[in-house]
1. Please list, ordered by first then second residue, the pairs with beta carbon atoms under 9 Å, 6 or more apart or interchain, first in the range 372-396 and touching a residue at least 40 places away in the same chain (Cβ under 8 Å), second aromatic (Phe, Trp, Tyr) and in a loop (DSSP other than H, G, I, E, B).
2. Take Ala377 and decide whether it is of a type outside the set (Ser, Thr, Tyr) and closer than 22 Å to Ile262 by Cα.
3. Take the range 16-50 and flag every residue that is in contact with an Asp or Glu (Cβ under 9 Å, 6 or more places away or on another chain) and in contact (Cβ under 8 Å) with a residue 40 or more places away in the chain.
4. Counting only residues that are more than 17 Å from the chain's Cα centre (by Cα) and polar (S, T, N, Q), how many does the range 113-127 have?
5. Count, please, the residues in the range 129-174 that happen to be touching a Ser or Thr at 6+ places or on another chain (Cβ under 7 Å) and either free of Cβ contacts under 8 Å to residues at least 24 places away in the same chain or of a type in the set (S, T, N, Q) (or both).
6. Give Asp164, Asp216, Asp203 a once-over and let me know the one that is under 21 Å from Cys133 (Cα atoms) and surrounded by fewer than 23 Cβ atoms within 10 Å (Cβ to Cβ).
7. Filter the range 229-288 for residues that are more than 30 Å from Asp351 (Cα to Cα) and β-branched (Val, Ile, Thr); which is modelled with the lowest pLDDT?
8. Among the residues of the range 253-281, write down those that are closer than 23 Å to Gly123 by Cβ and either among the aliphatic types (A, V, I, L, M) or free of Cβ contacts under 8 Å to residues at least 24 places away in the same chain (or both).
Amino acid sequence: MALSGSAWAAATGIPAAAAAAPYYDLFSSLAASPDFARAFGKAPRLFADRLEGIARSFTLLELEEAVDSDFLDAGRGVSGGVGGWKMAAVSQPRGPSFDEAKMRYSDVAASLAGGTVVFNSAGAHIPKLGAVCLAALDAFELPNCLNLYCTGEGTPTSAPPHTDKQDVFVLQTCGTKHWRVYEPPPPHERPLSDPLARGKGDDVLALSELGEPLIDTVLTPGQMLYVPAGFPHTTDTIHTAAARDQLGDAAAGASVHLTVGIDTHIWGLNRWSMRSGALHRARLHDGVEPTRLAPEMYWRLMGVPHHLGFLRRHFPETSSSVAAQLVADVVDANPARWATAAEAELSHTLDAAAVTAHVAEHAARMTARQRAMYVDAALDKRPTSPGMPAVSLFRVKGHMDVMEQTMEEHLQWYGPGAVAAAVEAAVGVAPASPSTNQPVEERKGERSAKGGMGTSSGLGKAVAKKKAGGKKSKSKKR
């Protein structure tokens with residue numbers, strides 16, 4: 001029998017977990033639902049009923065306290081010009097000292113007038129949000145991250161059409177926000193674009209590429225929206241007057257929402273990563289580019305293997321059946337190459353059983369690493385460095401370094417060259433050749449950014465910036 005939220009909070013022994021008990025109740029009920037397990041990664045869903053304990057569970061007042069008591073970073077979402085959605089700096093260093101480099105809440109408040117302020121990986125830094133991440137981790141048993149979004153009233157486009165690499169739970173805590181969610185465009189129509197990162201960086205995702213919205217709604221405090229990875233969405237706070245009029249003061253003011261993202265693609269926990277890793281380990285490279293496959297095949301390969309996380313409760317498949325699915329994924333994505341191969345022989349060649357077991361072990365290690373990070377966040381542990389104040393970024397950097405090492409060990413298991421080849425597979429684009437010589441550090445940026453906030457390419461950049469006396473790094477943003 002699943003724990004109640006209050007029992008879960010008590011079991012953690014962490015004071016901040018009490019405030020996250022409603023989140024655990026919510027997430028654990030979803031993780032226990034066969035219907036949700038079948039829909040996971042496949043269809044968006046609106047939870048229109050007001051969820052107990054979510055409204056005003058995190059406010060601008062609490063954000064102000066977090067910003068002014070720590071050294072946090074944030075980005076301001078901007079669109080227009082060349083490319084898709086990008087992040088601009090919320091603040092600039094005022095001088096060479098640590099204190100002068102610090103972002104202040106007044107910087108955040110000023111940026112709200114111009115759109116959306118984004119705190120990436122806020123759950124790794126802010127104790128109350130770290131407890132929410134811990135609730136999601138214990139419920140779903142899969143890696144996650146939590147971003148915080150704040151948008152001023154009357155913003156015509158708070159986020160232009162884009163897709164994400166995470167399956168996200170959007171939880172509205174304050175104010176209102178208008179959401180439109182669409183069916184993903186066929187990946188093969190734009191094979192050089194990452195379907196899980198459309199509308200970002202240099203990529204533009206136009207509304208003309210999309211059909212009618214699958215969901216068109218205004219989220220109010222206490223409501224939740226589930227958006228699978230790769231499903232385009234766009235938001236604003238200008239088409240929310242009716243909801244504000246109906247709810248009055250309960251929906252007034254800036255929009256604040258938490259986005260809890262299930263991070264399977266970032267950490268190599270999808271069927272495409274298993275397929276490409278198994279082929280690499282067997283030294284069999286069939287040249288399949290996932291974005292050139294039929295949409296049904298692409299999304300099948302982006303699915304989470306059923307022996308991982310909460311899914312294994314609903315799909316009681318043995319390891320041998322998951323290994324058989326791996327063989328089927330190899331064959332079905334390239335039947336011209338593999339259709340004549342005997343299934344048993346191909347399974348032996350791929351060592352499918354060993355790959356299946358290894359991925360399960362990697363998932364367990366990664367969730368354990370994340371749990372340690374979120375426990376420390378919820379406890380607000382702040383290690384100090386000589387001459388530096390006690391701030392969360394030094395703690396988070398240590399955890400992210402361990403997680404990066406765990407990921408590299410996972411990739412190295414597949415054999416020489418797998419770090420270069422499988423990192424791209426883990427983020428949903430075509431795998432590189434084993435001979436690719438692009439530096440690993442450049443290819444890690446997608447994951448490293450999960451540990452930093454705002455416009456940084458990761459906490460390494462943030463730490464370097466502080467040690468350099470507040471000078472801006474020229475590291476390229478992901």
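The values are calculated or read from the model by the stated rules, or taken from the named source; none is laboratory data. Nothing here was measured: the structure is a model prediction, and the numbers come from that model. Every residue, glycine as well, gets a Cβ built from its backbone with ideal geometry; the counts of neighbours run over all protein chains shown.
1. As it stands, the answer is Pro389/Phe71; Val391/Phe71; Ser392/Phe71; Leu393/Phe71, since those pairs meet every condition given.
2. When the stated conditions are applied, Ala377 passes them.
3. Hits for the range 16-50 are Ala16, Tyr24, Leu26, Phe27, Ser28, Ala31, Phe40, Gly41.
4. Going through the range 113-127 one residue at a time, the tally reaches 1.
5. Final tally of qualifying residues: 7.
6. Result: Asp164 is the single residue among Asp164, Asp216, Asp203 that is under 21 Å from Cys133 (Cα atoms) and surrounded by fewer than 23 Cβ atoms within 10 Å (Cβ to Cβ).
7. Restricting attention to the range 229-288, the residues satisfying the condition of being more than 30 Å from Asp351 (Cα to Cα) are 230-261.
Next cut, β-branched (Val, Ile, Thr) only: 234-235, 237-238, 240, 256, 259-260.
Working: Thr234: 96, Thr235: 96, Thr237: 93, Ile238: 90, Thr240: 82, Val256: 98, Thr259: 99, Val260: 99.
Residue satisfying both the conditions and the ranking: Thr240.
8. Ala254, Val256, Leu258, Val260, Ile262, Ile266, Leu269
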